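Taken together, the values in this text are just the output of simple stated rules run on the coordinates, not laboratory data. Every value quoted in this text rests on a predicted model; they were computed, and no experiment measured them. Cβ: placed from backbone, ideal geometry, glycine included. Neighbour counts: every protein chain shown.
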Amino acid sequence: MKLGEALVKEALITRQQLEQALKRQIQFGGRIGTNIVELRFLEEQELAKFLSKFFKSPAVSINMINSVPEDVINSVNVDVVNKYKILPFKKDRNRLHTAMLDPKDIKEIDDLRFITGYEIIPHVITELMLVYALEKYYGIKRDVRYISLSDRFNPEIKVEESSIEKIKFSFTEVKETEEIAAILINESYKIAKRVALFSIKGGNIIGWKSRGIDIENFTMQEKEPSVLFDVIRTKNNYRGPVLKIKCNEPLIEILSGTPQDTLILPIILRDKVVGLLYVDNGPASVLNANVGFLSMLASMAAIAFEIMILKKRILDLSFPL
């Protein structure tokens, strides 16, 4: 049974979600599990746990791939690692514990045993974890198809707590919506080269504020199928490329191309999407940004908008004397 079918059988994803992931796989490549994670149908840890069950083999954890000893890395030549797409992560006498996409590939294991001189102990690893680890330890550059992986797997990439406290305080001090937008744009621009904020009014998506790109005259209908509409409809973040399809043409025009790695976050107020935060590093670059931090910014902005509305209601109240 194929992995996608097995995930459906275990009720971890729906048939419709599998079909959507398969269509994405045709367009962008990568393994089916990678596309499922990128579509946010499963978390990375959930996929790794299921792969362990599916292949009847232990799965490597994020902690394992972030702390591989140098002598273990040096035990296998970079050309071998690149050819077989493996990650050695632990040595135990004459045994080499190796993370693999398919730990049941007997021929590959035999080849590795002959080449390295070690008894190979196979473990399963997700494609995204492997791509990240090969770049981290062997300098094997990931294809542009893969989104930025550092903020997903590297615990050292984080925003200083003191900076977050300052941002929180700034949001509590705002007196008008323009100030909220300015904080959101300026803080996002510190970690991305292009940032845009769209408002949703009267059934239209309207360019509001930006840095690195010009969205001043941007307008498109809210319900016109597009990557922006998908975020509004699902109320979920989108991470991935801007597809070169007709409904995305207005966005592609202001972006001067179709970036392969973008992040679009909804700003939700009272269960309604009232704005969109867009970030990327340009058409040909991956987005090395902290998704969790940007999501927090969007959430704080939504709360700030809510507080302003409540303040206005209080000030507008009048009682007969």
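For L269, the amide hydrogen comes within under 5 Å of the amide hydrogens of V274, counting only partners 5 or more places away or on other chains and with H modelled in the peptide plane. Once both axes come from the Cα atoms, what is the angle between helix 106-116 and the longest principal axis of the chain, in degrees from 0 to 90, rounded to 10? Approximately 70 degrees, to the nearest 10. Computed from the C-beta positions of I106 and S75, the FRET efficiency with R₀ = 22 Å rounds to 0.55. Normalised by the number of residues in the range 43-153, the average gap of Cα pairs under 8 Å and 6 or more apart makes the relative contact order 28 percent.
For V124, the residues whose modelled amide H falls within less than 5 Å of its own, excluding neighbours fewer than 5 places apart on the same chain, are A59, V60, M100. Placing pseudo-labels 7 Å out from each Cα toward the beta carbon at R313 and K91 gives an inter-label distance of 6.6 nm. Calculate the all-directions average of the projected area of the range 1-130's alpha-carbon convex hull, and give it in nm². That works out to 8.1 nm², a quarter of the Cα hull's surface. For K209, the residues whose amide H sits under 5 Å from its own are L197, ignoring neighbours fewer than 5 places away on the same chain, with H placed 1.01 Å from N.
Sorting the segments 115-122, 127-134 by their mean number of nearby beta carbons within 10 angstrom, highest to lowest, gives 127-134, 115-122.
Provide the convex hull volume over Cα atoms per residue for the range 161-315, in Å³. Mind showing how you got there, number by number?
Working: hull volume 16.3 nm³, N = 155.
Spread over its residues, the Cα hull of the range 161-315 gives 105 Å³ apiece.
Taking 7 Å steps out from each Cα toward its Cβ at N63 and K190 produces label points 3.0 nm apart. Taking the fewest neighbouring Cβ atoms within 10 Å as the starting point, the ordered list for K107, K49 is K107, K49.
Can you match Cα extents along the principal axes in Å to one of these, (i) 87, 76, 45; (ii) 62, 41, 39; (iii) 89, 42, 39, based on a calculation from the structure here? So the calculated entry is the one marked (iii). Estimated from the Cβ-Cβ distance and a Förster radius of 45 angstrom, the FRET efficiency linking E43 and I254 is about 0.90.
Extension gain for the segment N237 to D271, taken as residue separation times 0.36 nm less the Cα-Cα distance, is 10.8 nm to one decimal. Sparsely packed loop sites in the range 246-321 (the trypsin sites (Lys or Arg not before Pro) outside DSSP H, G, I, E and B with at most 10 other Cβ atoms within 10 Å) comprise R270. In the chain, the DSSP beta bridges split such that about 80 percent are antiparallel, to the nearest 5. The relative contact order of the chain comes to 13 percent, based on Cα pairs under 8 Å that sit 6 or more residues apart.
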